[in-house]
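Notes to accompany the following structure.
The values are calculated or read from the model by the stated rules, or taken from the named source; none is laboratory data. The structure displayed is predicted, hence computed values, not measured ones. Positions of Cβ are generated from backbone atoms using ideal geometry, with glycine treated the same way; all protein chains shown enter the neighbour counts. Accessible surface areas use protein heavy atoms only, side chains included; no ligands, DNA or RNA. Shrake-Rupley method; radii C 1.70, N 1.55, O 1.52, S 1.80 Å.
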Amino acid sequence: MSGNMQFLTYFVFTSLSVLCLIFQYWAHRTRRNATVGNNPQFIKFQRGYFAVYLVAMFADWLQGPYLYKLYSYYGFQEQQIAVLYVFGFASSVIFGVWTPIAAGQFGRKKLCIFFTVTYSVSCLLKLSSSYGVLLIGRVVGGLATSVLFTAFEAWYIHEHMETHDFPKEWIPITFQKASMWNGVLAVMAGITTNVFSEWMGLGPVAPYMMAVPFLIFVGVIIATHWNENYAPHSIKFGSLCYEGLRDIVTNPCIFLIGSIEALFESVVYIIIFLWTPVLEPAHPSLGLVFSCFMVCILLGQAVFQVAVSRRIAVTQILLAIVGLALVAVLSLVYSTHPRFKHLNLSLASLLLFQFCVGVYFPAMSVLRLRVIPEVHRYAIMNWFRLPLNLISCTVLMLLHEVDYLHGNHLIFVVCAGLLGLMLVATYKFVRHPLTPAEMDDEEGEASLIMEADHIHNIF
């Protein structure tokens, strides 16, 4: 079984990589000419930002493939590992509300340096096999990732517009390139961790030790080369949250967008936990499987770009991809049944689901931009994260109690139910009439916007 899965993984990775390259080239040909951003000063500034941001992202990606394996290596049971994951998810949500405000008030440069310190500490704590120390490490890691997903981009936008006075229209060019290179780095990170952890026999803790030098490099460059910047005015958090909640309650389109996001992304987080224990009996190369997942996400993004360029409505793309994701999860319900497990089918279903993830995130990014008012977007997005994490954490905690004999199989049944509800919500959203303002410039938004927080390491 092990050799069969290993061969299948190598074959799938090679085939998907070729297919992804073809679609990425096709998608590149459909994008608008970005010569507007070919200003020498802009390119120099952009490359300086990439030299820091992409190295930080690579350090983050290195920690994706072997997290579950590390906890299992230390001898913890699946129920205990589920608690560790829940602590990480919860801390990321709680601190994610605070970090944008803290970055603006205390200084974005300081917070980015703080990220490198806390993430290094989180990596070093994984050297301990103590459950309490690992819990602390997950909380610290959640704090660090919440900074990574907010402070870096906020620093860039401020420098782009206020310090260098570049046109606002050039910002999506940087984020589009960042999205593409993040995907490439994710694939490279999976291969790198596979080489060091498995081929060289350094074990599942090796990727976390590898990440520390990259984080130190990032901290040094930020400290010596970046300017400090702050938010121009303080955020009235209470009133902003109230206005965001009011928009969700009174606007059916915003409510449906929030429902779709909470239902789908809770399934994404649950599958982040489940993929390793599902495939582990076949002893696959986890780093290479992770790279396959990342290639599928890149393929999904390229397919979305091509579909939009052929004037297929984003709402129709989303509806189709929800149906495909439901098929993938139903296949996992079948393949993980305790009486007849099909590991190869499980791998194929997980790959299909990751392809759906790759299409979903840019599609949702476009719809959020059209539906959610910019002035309240920060508050509304925070409200959306509340049910998202409540669902994923509750499912992982309850269904990994010893009383539930079917374990992961039952979790996939719940995931199928969540996606079924999402399919209903998506259909209602598609049928709900949008205002003319919400329908404007669909193609332009889709070709430029690859929201950076969705290419980050969701693993």
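Pairs please, first residue from the range 311-332 and free of Cβ contacts under 8 Å to residues at least 40 places away in the same chain, second anywhere and crowded, with 22+ Cβ neighbours inside 10 Å, Cβ atoms under 6 Å, 6+ apart in sequence or on different chains.
Going by the 6 Å Cβ cut-off, the qualifying pairs are 324/356; 328/349; 328/353; 331/349.
Among (1) outside any helix (DSSP H, G or I); (2) surrounded by 23 or more Cβ atoms within 10 Å (Cβ to Cβ), where does residue 341 come up short?
(2)
Touching a residue at least 40 places away in the same chain (Cβ under 8 Å) and under 26 Å from residue 203 (Cβ atoms): is that true of residue 111 in this structure? Give the derivation first.
Details: touching a residue at least 40 places away in the same chain (Cβ under 8 Å): yes; under 26 Å from residue 203 (Cβ atoms): no.
In short, no.
Take the conditions of a type in the set (Asp, Glu) and at pLDDT 90 or above and apply them to residue 243. Does it pass? Give the steps one after another, and end with the answer.
Working: of a type in the set (Asp, Glu): yes; at pLDDT 90 or above: no.
No: the conditions fail for residue 243.
Taking the residues in the range 10-42 that are β-branched (Val, Ile, Thr) and modelled with pLDDT under 90 as candidates, determine which candidate is least open to solvent (accessible area, probe 1.4 Å).
Just the residues of the range 10-42 that are β-branched (Val, Ile, Thr), to begin with: 12, 14, 18, 22, 30, 35-36.
Adding the requirement that they be modelled with pLDDT under 90 leaves 30, 35-36.
On the way: 30: 46, 35: 82, 36: 82 Å².
Result: 30.
Filter the range 156-177 down to the residues that are open to solvent by less than 10 Å² (accessible area, probe 1.4 Å) and either at pLDDT 90 or above or under 22 Å from residue 110 (Cα atoms) (or both) and list them by number.
156, 159, 160
When you look at residue 289, is it at pLDDT 90 or above, open to solvent by less than 10 Å² (accessible area, probe 1.4 Å) and assigned to a helix (DSSP H, G or I), yes or no? Step through it out loud before you land on a result.
Details: at pLDDT 90 or above: yes; open to solvent by less than 10 Å² (accessible area, probe 1.4 Å): yes; assigned to a helix (DSSP H, G or I): yes.
It is true that residue 289 is at pLDDT 90 or above, open to solvent by less than 10 Å² (accessible area, probe 1.4 Å) and assigned to a helix (DSSP H, G or I).
Failed condition for residue 127, given (1) farther than 20 Å from residue 231 by Cβ; (2) surrounded by 23 or more Cβ atoms within 10 Å (Cβ to Cβ); (3) out of contact with any Cys (no Cβ under 9 Å at 6 or more places or on another chain), with all others met?
Of (1) farther than 20 Å from residue 231 by Cβ; (2) surrounded by 23 or more Cβ atoms within 10 Å (Cβ to Cβ); (3) out of contact with any Cys (no Cβ under 9 Å at 6 or more places or on another chain), only one is false for residue 127: (2).
Out of curiosity, is residue 87 assigned to a helix (DSSP H, G or I), open to solvent by 50 Å² or more (accessible area, probe 1.4 Å) and modelled with pLDDT of 90 or more? Spell out the reasoning first.
Numbers: assigned to a helix (DSSP H, G or I): yes; open to solvent by 50 Å² or more (accessible area, probe 1.4 Å): yes; modelled with pLDDT of 90 or more: yes.
Spelling it out, residue 87 is indeed assigned to a helix (DSSP H, G or I), open to solvent by 50 Å² or more (accessible area, probe 1.4 Å) and modelled with pLDDT of 90 or more.
Output the residues belonging to the range 296-310 that are within 23 Å of residue 272 (Cα to Cα) and open to solvent by 10 Å² or more (accessible area, probe 1.4 Å). First the steps, then the outcome.
Just the residues of the range 296-310 that are within 23 Å of residue 272 (Cα to Cα), to begin with: 296-304.
Hits for the range 296-310 are 297, 298, 299, 301, 303.
Of the numbered conditions (1) of a type in the set (Asp, Glu); (2) without any contact (Cβ under 8 Å) to a residue 12 or more places away in the chain; (3) in contact with a Pro (Cβ under 9 Å, 6 or more places away or on another chain), residue 165 fails exactly one; give the number of that condition.
All conditions pass for residue 165, except number (3).
Please determine whether any residue of the range 311-328 is of a type in the set (Ser, Thr, Tyr) and either closer than 26 Å to residue 431 by Cβ or open to solvent by less than 10 Å² (accessible area, probe 1.4 Å) (or both).
The initial filter retains those residues of the range 311-328 that are of a type in the set (Ser, Thr, Tyr), namely 315.
Next, from what is left, pick out any that are either closer than 26 Å to residue 431 by Cβ or open to solvent by less than 10 Å² (accessible area, probe 1.4 Å) (or both): 315.
Looking through the range 311-328, at least one residue is of a type in the set (Ser, Thr, Tyr) and either closer than 26 Å to residue 431 by Cβ or open to solvent by less than 10 Å² (accessible area, probe 1.4 Å) (or both).
Restricting the range 178-197 to residues that are in contact with a Pro (Cβ under 9 Å, 6 or more places away or on another chain) and farther than 30 Å from residue 304 by Cα, which is least open to solvent (accessible area, probe 1.4 Å)? Give the steps one after another, and end with the answer.
Just the residues of the range 178-197 that are in contact with a Pro (Cβ under 9 Å, 6 or more places away or on another chain), to begin with: 179, 189-190, 192-194, 196-197.
In the following step, the residues that additionally are farther than 30 Å from residue 304 by Cα were identified as 196-197.
Numbers: 196: 69, 197: 12 Å².
Per the criteria, the residue is 197.
When the residues of the range 353-412 are narrowed to those that are in a helix (DSSP H, G or I) and hydroxyl-bearing (Ser, Thr, Tyr), which ends up modelled with the lowest pLDDT?
378
From 318, 279, 274, 324, which residue is closer than 23 Å to residue 374 by Cβ, part of a helix (DSSP H, G or I) and not small (Gly, Ala, Ser)? Break it down stepwise before answering.
Numbers: 279 fails: closer than 23 Å to residue 374 by Cβ; 274 fails: closer than 23 Å to residue 374 by Cβ; 324 fails: closer than 23 Å to residue 374 by Cβ.
Within the list 318, 279, 274, 324, the selection yields 318.
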